[in-house]
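Engineer: Below are the structure tokens for one structure; questions will follow.
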Amino acid sequence: MSIADNIKQILGNIEAARLRSPRAAKQVHLLAVSKTKPIEAVTEAWNSGQKWFGENRVQELVPKQEALPDAEWHLIGHLQTNKVKYIIGKTALIHSLDNIGLADEIEKRSAAAGLITDCLVQVNIAEEEQKSGLYVPELASFIDAMADRPHIKIKGLMTIGPVVEDPEDIRPVFSELRRLFEREKARDLPFADFQWLSRGMSHDYHIAVEEGANIVRVGSSIFGARQYN
Ligand SMILES: *Cc1c(COP(=O)(O)O)cnc(C)c1O
């Protein structure tokens, strides 16, 4: 199967999941996660109509964004404070805001560039020690702290689901995140606009869609397995 075929099939699966669940969003965006894949693969996806791409490392996002600036580039991986300066203005959405030091740096660099940077707050729902993301009890006060950072706009929440053998076991985690999303959205804070709920990867995006995700981040099912050397 070609990249174009894979995307077509995934879009069909997303639509089927959407139609079978009353909790699904009206529209779901596919973020094609192209990390470790060459620009040729990204271009092939782009030529088939895919518009949004996700990368988890700044060093990879920047050259791909420069090669294909008309695409929308999202940073989905852990962001180190010292890398922020390279991506301000190059990314449509940072999915991985999860600490105040990082927020301060994004604020400072965005202000200097005269931009407002859209961010999702990453939540570590299952409180897994090895993963990034805020724990649930910290979430509301973290979002409140963004009131003093006018060059950051909070656009929603992101999570990376725990690794489970049966993807069905992830459903409670996803429904908990949806509940938090609705709770934060209902606060109607002026510096936030709860538009995006980002979760679901190759093995569980169908469940994420059923539970209300409106951005799913799919890599290997589009581009094939990744090789890390
Ligand atoms: C790599 C990655 C994905 C995509 O994972 P696949 O299993 O290849 O679909 C999604 N989200 C994040 C944060 C990632 O790092």
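The values are calculated or read from the model by the stated rules, or taken from the named source; none is laboratory data. All values reported here derive from a predicted model rather than from experimental measurement. Ideal geometry is used to build each Cβ from the backbone, glycine not excepted, and the neighbour counts take in all protein chains shown.
Engineer: Could you check the stretch 208-220 and list, in sequence order, the residues that are aliphatic (A, V, I, L, M) and within 8 Å of the ligand (Cβ to nearest atom)?
Structural biologist: If the condition is that a residue be aliphatic (A, V, I, L, M) and within 8 Å of the ligand (Cβ to nearest atom), then VAL218 is the only one that fits.
Engineer: Separate question: Restrict the check to the stretch 170-181 and report whether at least one residue is farther than 22 Å from THR91 by Cβ, touching an Asp or Glu at 6+ places or on another chain (Cβ under 6 Å) and within 16 Å of the ligand (Cβ to nearest atom).
Structural biologist: Yes, because at least one residue in the stretch 170-181 is farther than 22 Å from THR91 by Cβ, touching an Asp or Glu at 6+ places or on another chain (Cβ under 6 Å) and within 16 Å of the ligand (Cβ to nearest atom).
Engineer: Might you check whether a residue that is within 11 Å of the ligand (Cβ to nearest atom) and not aliphatic (A, V, I, L, M) occurs anywhere in the stretch 185-199?
Structural biologist: So far as the stretch 185-199 goes, yes, one or more of its residues are within 11 Å of the ligand (Cβ to nearest atom) and not aliphatic (A, V, I, L, M).
Engineer: Going through the stretch 152-180 one residue at a time, which ones are buried (at least 19 other Cβ atoms within 10 Å of the Cβ) and either more than 23 Å from HIS29 (Cβ to Cβ) or of a type in the set (Phe, Trp, Tyr) (or both)?
Structural biologist: Of everything in the stretch 152-180, just one residue is buried (at least 19 other Cβ atoms within 10 Å of the Cβ) and either more than 23 Å from HIS29 (Cβ to Cβ) or of a type in the set (Phe, Trp, Tyr) (or both), namely PHE174.
Engineer: Please go through the stretch 121-170 and pick out each residue that is modelled with pLDDT of 95 or more and either basic (Lys, Arg) or touching a His at 6+ places or on another chain (Cβ under 7 Å) (or both).
Structural biologist: Selection gives GLN122, ARG149, LYS153, LYS155, MET158.
Quick grid of which residues meet (1) within 14 Å of the ligand (Cβ to nearest atom); (2) small (Gly, Ala, Ser):
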{"site": "LEU115", "(1), (2)": "no, no"}
{"site": "ALA145", "(1), (2)": "no, yes"}
{"site": "GLU165", "(1), (2)": "no, no"}
{"site": "ILE222", "(1), (2)": "yes, no"}
{"site": "ARG226", "(1), (2)": "yes, no"}
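Engineer: Sticking with this one: Do the conditions hold for ILE116, that is, is it more than 20 Å from GLY212 (Cβ to Cβ), crowded, with 17+ Cβ neighbours inside 10 Å and at pLDDT 95 or above?
Structural biologist: no
Engineer: Just to be sure before I move on: is THR81 under 26 Å from PHE181 (Cα atoms) and away from the ligand (no atom under 16 Å from the Cβ) in the structure I sent?
Structural biologist: Taking the combined requirement at face value, the residue satisfies it.
Engineer: Considering only residues that are in a helix (DSSP H, G or I) and farther than 23 Å from ALA225 by Cβ, which ones fall in the stretch 28-66?
Structural biologist: VAL58, VAL62, GLN65, GLU66
Engineer: Given (1) touching a Lys or Arg at 6+ places or on another chain (Cβ under 9 Å); (2) more than 10 Å from the ligand (Cβ to nearest atom); (3) not aliphatic (A, V, I, L, M), where does TYR205 come up short, assuming only one miss?
Structural biologist: Going through the list (1) touching a Lys or Arg at 6+ places or on another chain (Cβ under 9 Å); (2) more than 10 Å from the ligand (Cβ to nearest atom); (3) not aliphatic (A, V, I, L, M), TYR205 breaks only (2).
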